[in-house]
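**Q** My structure is below; once you've seen it, I'll send some questions.
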Amino acid sequence: MKNTGCCPKCNSRNIVRVSDNAHRYLAHSIAITKVVTVERVPVARYACCDCGYVESWVEKRHELDEMKKAFG
Ligand SMILES: [Zn+2]
């Protein structure tokens, strides 16, 4: 979705990027996201405005490395 600009569930192109600061407004939350949030790695969401599907992405290379250090 981040890379294709297209929803994998309904093929909509009505996608918005929701920054980590704004993600609290989304009702969506999964276990890994909670853990990552505690470790202060920003997680951007890509949300489909047609079906409601949401993807979560750690976008920065050094943040991925931090995550690997913490959990790998
Ligand atoms: Zn969709």
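**Q** If each residue of separation counts as 0.36 nm, what is the full-extension length gain between T4 and R17 once their alpha-carbon separation is subtracted?
**A** Here the segment from T4 to R17 would lengthen by 3.4 nm.
**Q** By how many nm would the segment from K69 to W57 grow when fully extended, if each residue of separation counts as 0.36 nm and the alpha-carbon distance is taken off?
**A** Result for the pair: 2.6 nm of gain on full extension.
Read-outs: derived from the displayed coordinates by stated rules, not from any lab. Model, not experiment: these values are computed from the prediction.
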